[in-house]
Amino acid sequence: MHDQRLKDIIPFVISVESGSFTAAAERLHLTGSAISKSVSRLEARLGSRLLERTTRRLQLTDAGTAYYQTCIRILEELAEAEAVLAAQRTIPSGRLRLAVPNTYGRLNVMPLLIPFVSNTRSLN
């Protein structure tokens, strides 16, 4: 996927949610002109008008509504995929090997490992 596609989707979605290029620009820490150009670039690439612009507000066209709903779904799926990967990084996995003297292991380490092993088995 071309990198510019995602770069233009975000300003479009935020513009729709904010109701104006100015409000979207504030949320994204960009200029209103940059937002407008990004949305215009997106419309040119798609060959379809997504927004009807007036001095007071933005309104989605029929094509814009369909594209917006698809963009929202894609962004939600992307966020979900990132959350899954983040969760996998926080869950320890693999084999743990300890080398301790026998008596010390039985008296001090085993009492600590038993609850840990019980908790990891309930995750599987």
When you scan region 32-124 for helices (runs of 4 or more DSSP H) that lie fully inside it, which ones turn up with 3 or more residues that are assigned by TED's automatic domain parsing to the domain that holds Pro11 and of a type in the set (Gly, Ala, Ser)? 32-46, 62-90
Of the residues that sit in region 17-31 and are at pLDDT 95 or above and assigned to a loop (DSSP other than H, G, I, E, B), which one is surrounded by the fewest Cβ atoms within 10 Å (Cβ to Cβ)? His29
Take region 90-112 and flag every residue that is modelled with pLDDT of 85 or more and among the small types (Gly, Ala, Ser). Ala99, Gly105
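The values are calculated or read from the model by the stated rules, or taken from the named source; none is laboratory data. Because the structure is a prediction, the values reported are computed rather than measured. Note: ideal-geometry Cβ built from the backbone for every residue, glycine included; neighbour counts use all protein chains shown.
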